[in-house]
1. For Cα extents along the principal axes in Å, several values are listed as [x] 66, 33, 31; [y] 59, 51, 31; [z] 69, 42, 28; flag the one computed from this structure.
2. In terms of modelled amide H atoms, which long-range or inter-chain residues lie less than 5 Å from the amide H of R95?
3. Starting from the amide H of G25, placed 1.01 Å from N in the peptide plane, find each other amide H under 5 Å away whose residue is 5 or more places distant or on another chain.
4. Report the gain in length on full extension from S58 to D188: 0.36 nm times residue separation, minus Cα-Cα distance, nm rounded to one decimal.
5. Could you give each residue of the range 72-89 its phi-based ³J(HN,Hα) in whole Hz, using Karplus coefficients 6.51, -1.76, 1.60 with θ = phi - 60°, and x for Gly or Pro?
6. For the range 19-27, just list the computed ³J(HN,Hα) in residue order, Karplus coefficients 6.51, -1.76 and 1.60, θ = phi - 60°, integers in Hz, with x standing in for Gly and Pro.
7. Calculate the length of the line joining the C-alpha centroid of the range 124-162 to that of the range 70-113, in whole Å.
8. Report the label-to-label distance for H78 and R18 in nanometres (one decimal), using points 7 Å from each Cα along the Cα→Cβ vector.
Amino acid sequence: MNREGASIWHLTRDVKSRAVRYTYGCNLEVEYNDNYRERMFNCYTDASGVVRVPGAFSPWVIKETVLEDNFYHELTYHYVWETTSRTIWSELSNRVINIYICDALVAPLWILDTQGYPMPGARHLCAVTADLSGLYSELTLQYGFNGRQYYGVQYSVLIALGGTQLSARIRWYQAGVLCEGPATIIPDVFTQ
């Protein structure tokens, strides 16, 4: 390593925290309530019988927040399917979580418009994908509203935001044991 390279390496290792330039987060399908009346026509009923509204923003970190090098955000997902669904295996094999950024100091309520496109001032940054087919054996038959039967599975996505680049991992419980596996981050350029 030359002297200049060694100096740059040394200086970058002295940086232990960074202020983020954008507000980071993902889109969620939130349970409907009266605060979401403007999007009532976008509602749907999920497999468990819960009425949901797509396009809400779940902020992970707000613009100008100072993050330590080892900061990560964990988001827990509970995914459900109709008992008659034939796509469970393929959907578990390729789970996708879309990450968005916006240039706002206050997180917006919505990240996607009613057509599913990013709101003004927001953009799609990347997609996190993971193969969760190993969770197939963990699907549990559950009962929702009016005795409606559905399958559900729970897992967490850990996004490391404190370093110089994003990285991701997936966590889940299998037979009561905490498991962790890789996730792939696909830049926006490859997801369009």
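The values are calculated or read from the model by the stated rules, or taken from the named source; none is laboratory data. Keep in mind it's a predicted model, so treat the numbers as computed, not measured. Here the Cβ is made from the backbone with ideal geometry for all residues, glycine too, and neighbour counts use every protein chain on show. The area values use the complete protein model at the heavy-atom level, side chains included, leaving out ligands, DNA and RNA. Shrake-Rupley method; radii C 1.70, N 1.55, O 1.52, S 1.80 Å.
1. Derived directly from the coordinates: [z].
2. Placed amide hydrogens put A130, L132 under 5 Å from R95.
3. HN-HN under 5 Å from G25: W60, Y100.
4. Values: separation 130, 0.36 × 130 = 46.80 nm, distance 1.88 nm.
Gain on stretching S58 to D188: 44.9 nm.
5. Karplus values, whole Hz, x for Gly and Pro: 9, 10, 10, 10, 9, 10, 10, 9, 10, 9, 4, 5, 8, 5, 9, 10, 4, 4.
6. Calculated HN-Hα couplings, in order: 8, 6, 8, 9, 8, 9, x, 9, 8 Hz.
7. Centre-to-centre (Cα) distance: 9 Å.
8. The answer from the label model is 3.5 nm.
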